[in-house]
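Data block below; observations after.
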Amino acid sequence: MATPTLVRKWGIRLFKTVWFLCISIMVGRILGPAERYLDHDVASSICDFIYGDVNAETIYDTYTNIDILIVLTITTVIYRLTTLLFNKIRK
């Protein structure tokens with residue numbers, strides 16, 4: 001009896017991981033590049049604060065880091081809302 005429970009538990013974990021990745025891909029595609037929705041002055045001030053120098057490489061790293069942070073934050077909120085909705089519908 002332990003094997004079906006273990007398989008079900010890992011299946012649910014795999015589904016949740018795939019669901020999170022699908023949401024993050026969709027959010028990343030919808031938002032587009034960070035240069036489009038983030039002001040250059042804000043990015044350069046953050047870059048200066050983090051790296052102490054503003055050049056092409058550090059500004060690109062800053063845009064990438066901010067983009068990843070925003071995508072993960074939005075994805076986490078959407079993931080939590082959908083899992084709460086699934087649980088509420090299921091009960």
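The set of residues from region 20-49 being of a type in the set (Phe, Trp, Tyr) and loosely packed, with under 14 Cβ neighbours inside 10 Å comprises Tyr37, Phe49.
Out of region 38-52, which residues are over 19 Å from Gly28 (Cα atoms) and touching a helix residue (DSSP H, G or I) at 6+ places or on another chain (Cβ under 7 Å)?
If the condition is that a residue be over 19 Å from Gly28 (Cα atoms) and touching a helix residue (DSSP H, G or I) at 6+ places or on another chain (Cβ under 7 Å), then Ser44, Ile46, Cys47, Ile50, Tyr51 are the ones that fit.
For Val7, the conditions (1) out of contact with any Cys (no Cβ under 7 Å at 6 or more places or on another chain); (2) within 22 Å of Thr73 (Cα to Cα); (3) of a type in the set (A, V, I, L, M, F, W, C) are fulfilled apart from (2).
Results for (1) surrounded by 11 or more Cβ atoms within 10 Å (Cβ to Cβ); (2) out of contact with any strand residue (DSSP E or B) (no Cβ under 8 Å at 6 or more places or on another chain); (3) under 20 Å from Ile25 (Cα atoms); (4) touching a residue at least 40 places away in the same chain (Cβ under 8 Å), shown as yes or no for each residue.
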position	(1), (2), (3), (4)
Val54	yes, yes, no, no
Thr75	yes, yes, yes, yes
Ile78	yes, yes, yes, yes
Arg90	no, yes, no, no
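Rule-based calculations on the coordinates, nothing more; no lab input. Here the structure is a predicted model, which means the values were calculated and not measured. Cβ coordinates were reconstructed from backbone atoms using ideal geometry, including for glycine residues, and neighbour counts include every protein chain displayed.
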